[in-house]
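Engineer: Here it is: the structure, laid out below.
The values are calculated or read from the model by the stated rules, or taken from the named source; none is laboratory data. This structure is a prediction, so every number in the text was calculated from the model and none was measured. Cβ sites come from the backbone with ideal geometry, for glycine too, and all protein chains shown count toward neighbours.
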Amino acid sequence: MKKSYDVVVVGGGIIGMATAYYLSEQKIDLALVERKYIGSGSTTRCIGGIRQQFSTPAAIRLMKESLRLFSQMEAEFGFSVDFYQGGYLFLAHSQQMVDVFKKNIEVQKKEGVNVSLLMPDDVKGVVPPLNREGLLAAAYCPDDAQAFPFAVLRGYRESIEQRGGRFFTANPVVNLRKNGCFVLELADGTRLEAGKVVLSTGPWTREFALQIGLDLPLYPERHEAVITERIPKLFNPMIVDYRADGCYFNQMVTGQVIGCFTPVPNVPGIREDSSLEFLPQVSFRMGRLLPELKKSSILRHWAGCYTMTPDGNPIVDQSPIDGLYIASGMCGHGFMFGPAIGKNLAHFILHGDWQADFSDFAFHRCFEGSESMK
Ligand SMILES: Cc1cc2nc3c(=O)[nH]c(=O)nc-3n(C[C@H](O)[C@H](O)[C@H](O)COP(=O)(O)OP(=O)(O)OC[C@H]3O[C@@H](n4cnc5c(N)ncnc54)[C@H](O)[C@@H]3O)c2cc1C
């Protein structure tokens, strides 16, 4: 078995898989190592939302590119990834949030995003059954979308394998060192050598990087999600309620309603255990906005991690260790960022230059400021 590779990607979530997919377009020896099964980290625990409504030009441009790449997946993979442009509707129940939306919409429009500020009467036209009590305005982009994470990962995997990429699954990297080239030791004793290594280990990146002397500002926290039975089509966009007791949810192409909320205070650490308190709270919050949902049954709920950074932007860059790349800290938007990050990072690894402005995601930035559409 071959044990020496040009690039080894560590971590088979959306970021590692997208990076490997675009690397595999070139004739290189490529391997991806995954601790458990592909997608077992945060990626298959996410709810599949894809939006361009961010607050900085860098994030908006990245998302415009990602949206385009998601839209091409069915043609590239030969099967549907349930990509659907039902839009994103952000609700503002306070004047402060209206002002945030107005400011962001200005930036988004400059970047060519089809977004507008809606008054409560206009919102009725977008989601007729929405409870508009207390609603002051909403930010709406009908081109925002959703896709099914499991299908996206399947498409990447099949393509990478067809192009000769090698997978090592259920086999974590337990040791990484640089001795001329990189040496990776896997749990079953396999030893791989690599010219370059990508660390896309999601919530586990901080502890992994510490082993090799890199102290990264990455803070995993638990987020829970819920899914209902299939119901007849009720609404189109992902609905995001930013109130402290708000929530966000979407109706999938297959009819289920999938949703979550950001707990206050947050639940720090790598936590994949779900809580009993979440169920009544999420049911109340979703049912308050769409009373019709109270009639549907919940099928199951689960938990996964957001890997947060101090400024709400990921770290995607070459590290101070030559040939070691970091791609982590995706916060609550790693699924949607995945394709564009993977494409740009693969180009950077192969050619040494960025094709887009990645300075907001640089390793050595000051981490000031904050993404207001987290
Ligand atoms: C409830 C919930 C809802 C979300 N909703 C959305 C959404 O709507 N839209 C969106 O864009 N994002 C969403 N997210 C966020 C999104 O899921 C993450 O940002 C994204 O999945 C991060 O991808 P990743 O590849 O960085 O990490 P992961 O998917 O966690 O992948 C990292 C992988 O590395 C592997 N690994 C770790 N250590 C090792 C090792 N030593 N050796 C080998 N492999 C290793 C892990 O097993 C894991 O599979 C949501 C997250 C949650 C929890």
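Engineer: Between a residue in segment 8-21 that is within 15 Å of residue 196 (Cβ to Cβ) and any residue that is within 7 Å of the ligand (Cβ to nearest atom), which pairs come within a Cβ distance under 6 Å, given they are 6 or more apart or on different chains?
Structural biologist: 9/16; 10/33; 10/173; 10/201; 11/200; 11/201; 16/200
Engineer: Sticking with this one: Consider residue 62 carefully, then state whether it is more than 10 Å from the ligand (Cβ to nearest atom), in contact with a Phe, Trp or Tyr (Cβ under 8 Å, 6 or more places away or on another chain), over 22 Å from residue 236 (Cβ atoms) and not assigned by TED's automatic domain parsing to the domain that holds residue 109.
Structural biologist: For residue 62, the condition - more than 10 Å from the ligand (Cβ to nearest atom), in contact with a Phe, Trp or Tyr (Cβ under 8 Å, 6 or more places away or on another chain), over 22 Å from residue 236 (Cβ atoms) and not assigned by TED's automatic domain parsing to the domain that holds residue 109 - is met.
Engineer: Within segment 1-31, track down each residue that is touching a Ser or Thr at 6+ places or on another chain (Cβ under 8 Å) and of a type in the set (Val, Ile, Thr).
Structural biologist: Hits for segment 1-31 are 9, 10, 14, 15, 19.
Engineer: Something else now. Residues that are over 25 Å from residue 331 (Cα atoms), away from the ligand (no atom under 13 Å from the Cβ) and either modelled with pLDDT of 95 or more or not assigned by TED's automatic domain parsing to the domain that holds residue 318 (or both): does segment 208-229 have at least one?
Structural biologist: yes
Engineer: Is it the case that segment 343-357 has a residue that's part of a loop (DSSP other than H, G, I, E, B), outside the structural domain of residue 107 (by TED's automatic domain parsing) and in contact with a strand residue (DSSP E or B) (Cβ under 7 Å, 6 or more places away or on another chain)?
Structural biologist: no
Engineer: Next up: Regarding segment 206-220, can at least one residue be identified that is within 30 Å of residue 285 (Cα to Cα), in contact (Cβ under 8 Å) with a residue 60 or more places away in the chain and part of a strand (DSSP E or B)?
Structural biologist: Yes.
Engineer: Within segment 10-30, take every residue that is of a type in the set (Ser, Thr, Tyr) and touching a strand residue (DSSP E or B) at 6+ places or on another chain (Cβ under 9 Å) and give me the one that is nearest to the ligand (Cβ to nearest atom).
Structural biologist: 19
Engineer: Any residue in segment 320-335 that is touching a Gly at 6+ places or on another chain (Cβ under 9 Å), closer than 14 Å to residue 15 by Cα and aromatic (Phe, Trp, Tyr)?
Structural biologist: yes
Engineer: Which residues, taken from segment 38-52, are within 11 Å of the ligand (Cβ to nearest atom), in a loop (DSSP other than H, G, I, E, B) and touching a helix residue (DSSP H, G or I) at 6+ places or on another chain (Cβ under 9 Å)?
Structural biologist: Those that are within 11 Å of the ligand (Cβ to nearest atom), in a loop (DSSP other than H, G, I, E, B) and touching a helix residue (DSSP H, G or I) at 6+ places or on another chain (Cβ under 9 Å): 38, 39, 41, 42, 46, 47, 48, 51.
Table: residues versus (1) closer than 28 Å to residue 255 by Cβ; (2) of a type in the set (Gly, Ala, Ser); (3) surrounded by 22 or more Cβ atoms within 10 Å (Cβ to Cβ).
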| site | (1), (2), (3) |
| --- | --- |
| 25 | no, no, no |
| 48 | yes, yes, yes |
| 55 | no, yes, no |
| 61 | no, no, no |
| 82 | yes, no, no |
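Engineer: Also, I was wondering about something else. Take residue 205 and tell me if it is in contact with a helix residue (DSSP H, G or I) (Cβ under 9 Å, 6 or more places away or on another chain) and polar (S, T, N, Q).
Structural biologist: no
Engineer: Another question about this same structure. Do we have any residue at all in segment 185-200 that's in contact with a helix residue (DSSP H, G or I) (Cβ under 8 Å, 6 or more places away or on another chain) and near the ligand (Cβ under 10 Å from one of its atoms)?
Structural biologist: Yes, that holds for at least one residue.
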